[in-house]
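The values are calculated or read from the model by the stated rules, or taken from the named source; none is laboratory data. Worth saying up front: this structure is predicted, and the values here are computed from it rather than measured. Ideal geometry is used to build each Cβ from the backbone, glycine not excepted, and the neighbour counts take in all protein chains shown.
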């Protein structure tokens, strides 16, 4: 055994001996292991009530390590998850709730743990520019909760969070489509915008996506289709949406102008081909 391993082992043993050296009451009577753990838990619980979550975690982890078989692990495990949750350390909170659910499936706190596990997943870091792994994890956690508790009174809350998660996925698809349009790749943009509009029909980005799809088709010189999507965008507009009405008028003018320019180009190209044909006939 190398020096580092010996040191680690000695430290662990020393800590355990130190922990249990306090198993005597003030009158010198020996405490049972369970009594000792109860006192540890009571102190931790008191700190939790005082919202000293950082200090609570250290004490709860001690109990988890040394109080197996005393009947305090279930409460300790749940309180540990709650402490991480209140500290907004979402990854750790989700992990601790998951451990609690696995180790104490018959606990009366399991339903609460499943719900808060999903909330912790929802709050884990999300950025549109990155993959949607955390969003997918959160969606599965909410789906699992509903599957296990179909009659939950929290269904409205879950539907709210789930809707926000769907909007995250929609936002990523929307940003991808818009990026292609900005990169002057209207064909790719059209593919992504059409997929977005079909998949996320309730998205807050729908109206904007319709305008941008119209723009992409205009860039592709497909003016009839561009006007079809613009008509759909018009249907989405409210009468008091002044910005939307201005954008509608601006887009209509842009399509008309692009169509005229396209016709001029076609006429110019046709004339060029006619001249080339005549020259070819003349010289050959």
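Key figures
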| quantity | calculated |
| --- | --- |
| Which listed residue is under 30 Å from residue 207 (Cα atoms), touching a helix residue (DSSP H, G or I) at 6+ places or on another chain (Cβ under 8 Å) and buried (at least 19 other Cβ atoms within 10 Å of the Cβ), from 174, 100 | 174 |
| Residue check, residue 119 within 30 Å of residue 205 (Cβ to Cβ) and either surrounded by fewer than 20 Cβ atoms within 10 Å (Cβ to Cβ) or in contact (Cβ under 8 Å) with a residue 60 or more places away in the chain (or both) | no |
| From the options 224, 259, 195, residue that is in contact with a helix residue (DSSP H, G or I) (Cβ under 8 Å, 6 or more places away or on another chain) and at pLDDT 95 or above | 195 |
| Single unsatisfied condition, residue 156 versus (1) surrounded by 13 or more Cβ atoms within 10 Å (Cβ to Cβ); (2) in a helix (DSSP H, G or I); (3) modelled with pLDDT of 95 or more | (1) |
| Matching residues in the stretch 14-34 - criterion: being at pLDDT 75 or above, assigned to a helix (DSSP H, G or I) and surrounded by 14 or more Cβ atoms within 10 Å (Cβ to Cβ) | 33 |
| Matching option when the condition is under 30 Å from residue 138 (Cα atoms), under 30 Å from the mean Cα position of the chain (by Cα) and not in a helix (DSSP H, G or I), among 194, 172, 204 | 204 |
| Residue list for the stretch 227-242, filter: part of a loop (DSSP other than H, G, I, E, B), surrounded by 11 or more Cβ atoms within 10 Å (Cβ to Cβ) and out of contact with any helix residue (DSSP H, G or I) (no Cβ under 7 Å at 6 or more places or on another chain) | 241 |
| The stretch 143-164: number of residues that are touching a residue at least 40 places away in the same chain (Cβ under 8 Å) and touching a helix residue (DSSP H, G or I) at 6+ places or on another chain (Cβ under 6 Å) | 2 |
| Index of the failed condition, residue 218 passing every other in (1) farther than 30 Å from residue 99 by Cβ; (2) touching a helix residue (DSSP H, G or I) at 6+ places or on another chain (Cβ under 8 Å); (3) outside any helix (DSSP H, G or I) | (3) |
| So residue 245, is it surrounded by 13 or more Cβ atoms within 10 Å (Cβ to Cβ), within 25 Å of residue 184 (Cβ to Cβ) and free of Cβ contacts under 8 Å to residues at least 12 places away in the same chain | no |
| Count of the stretch 67-97 residues which are surrounded by fewer than 21 Cβ atoms within 10 Å (Cβ to Cβ), part of a helix (DSSP H, G or I) and touching a helix residue (DSSP H, G or I) at 6+ places or on another chain (Cβ under 6 Å) | 3 |
| Test: residue 60 is over 19 Å from residue 36 (Cα atoms), touching a helix residue (DSSP H, G or I) at 6+ places or on another chain (Cβ under 7 Å) and in contact (Cβ under 8 Å) with a residue 12 or more places away in the chain | no |
